[in-house]
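Reviewing the structure listed below.
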């Protein structure tokens, strides 16, 4: 997959006008790749340097908007797509106990889940028809640790990212006999982006009086880690941050999976009656 990041190759990045998407676009441009950034926010799109990418305003949750992006890929790239990053995502407060948040359930699932499904439906056929051993392609799907460990607080976001994980795993399996197409599931840690309560763009330490916490990674660090894992041929790209190590993530994920296996109450990691067991588990070595 090191053949992906090289001059002359092409990339499409959704949600690419800020955060991790923008950092990835800059990395691709730095290698001399041709990049199209798709985003819903016209202000952030307008701020993307022309030297980094051309842009298209679209809603990934609307299947009809993908028609225009596919046409751009066919026109600008000759239908050849080396890298497809399905990265667009949103988060809003939701609660199963608050019916007023129902519209947010719809918008989150439409963007986070159907944004992936629409993208694959539209652009995967192009990738399948053009990828080869000498000119491989990669698909990056951005998930979330919340879709794996399912912490209480935002059921719509968690459910959307759990479904995205399932889609990414199925895609990897379905393409198992096509080694010329790599599939990678990017799971960022705490990253300083607008979605995580940080800033809309990358590279700004303090905006509006809010300073980047020491524990958070920059989007560029996530993308560097992604590139490394892609070169290693990894599907799961589970990013640490400056506070949470890879081993801590693995322990949390294993504990979460153990709820069903061990017959514990769901989301036991956050229940008072399991605090002692959780602490003991986290203190052990894998």
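Between residue 95 and residue 134, what is the FRET efficiency for a Förster distance of 45 Å, r being their Cβ-Cβ separation, to the nearest 0.05? Efficiency, rounded to the nearest 0.05: 0.30.
Relative to the longest principal axis of the Cα atoms of the chain, helix 246-262 runs at roughly 60 degrees. Is region 105-158 rounded, prolate or oblate when judged by the Cα gyration tensor, a ≥ b ≥ c being the square roots of its eigenvalues, rounded requiring a/c under 1.5 and prolate requiring a/b larger than b/c? Oblate, since a/c reaches 1.5 and b/c is not below a/b. One compactness figure for region 63-106 is 1.84, namely its Cα radius of gyration divided by 2.2 N^0.38 Å.
Ranking of 175, 102 by neighbouring Cβ atoms within 10 Å, starting from the fewest: 102, 175. Ordered by the count of other Cβ atoms within 10 Å of each Cβ, fewest first, 218, 270 give 270, 218. Distances over 15 Å make up what percent of all Cα-Cα pairs in region 245-286? Cα-Cα pairs of region 245-286 separated by over 15 Å account for 36 percent.
Among 272, 59, 224, the residue with the largest mean-square fluctuation in a Gaussian network model of the chain, with springs joining Cα atoms closer than 10 Å, is 272. Peptides 81-91, 154-164 ranked from most to least packed give 81-91, 154-164, packing being the mean of other C-beta atoms within 10 angstrom over each peptide's residues. Report summary: the helix-based calculation at 222 nm, which adds -39500 (n - 2.57) for every DSSP H run with n ≥ 4 and divides by the residues of the chain, gives -13000 deg cm²/dmol. When 97, 109, 126, 267 are sorted by how many other C-beta atoms sit within 10 angstrom of their C-beta, beginning with the fewest, the order is 97, 267, 109, 126.
Comparing mean-square fluctuations of 53, 168, 216 from a GNM of the chain with C-alpha springs under 10 Å, the top value falls on 216.
Judged by the ratio a/c of the largest to the smallest principal axis of the C-alpha gyration tensor, region 1-159 counts as prolate, that ratio being 1.5 or greater while a/b is larger than b/c. Mind checking the angle between helix 102-112 and the chain's longest principal axis? C-alpha axes, 0 to 90 degrees, to the nearest 10. Value to nearest ten degrees: 50. DSSP finds beta bridges in the chain, and of those with both partners inside it, around 5 percent are antiparallel. Taking Cα atoms only, the orientation of helix 65-77 departs from the longest principal axis of the chain by about 50 degrees.
Values quoted throughout were computed directly from the atomic coordinates according to the rules given, and no laboratory measurement underlies them. It should be emphasised that the depicted structure is a prediction, and the values quoted were computed from it without experimental measurement. FYI the Cβ positions are ideal-geometry reconstructions off the backbone, even for glycines, and counts take in every protein chain you see.
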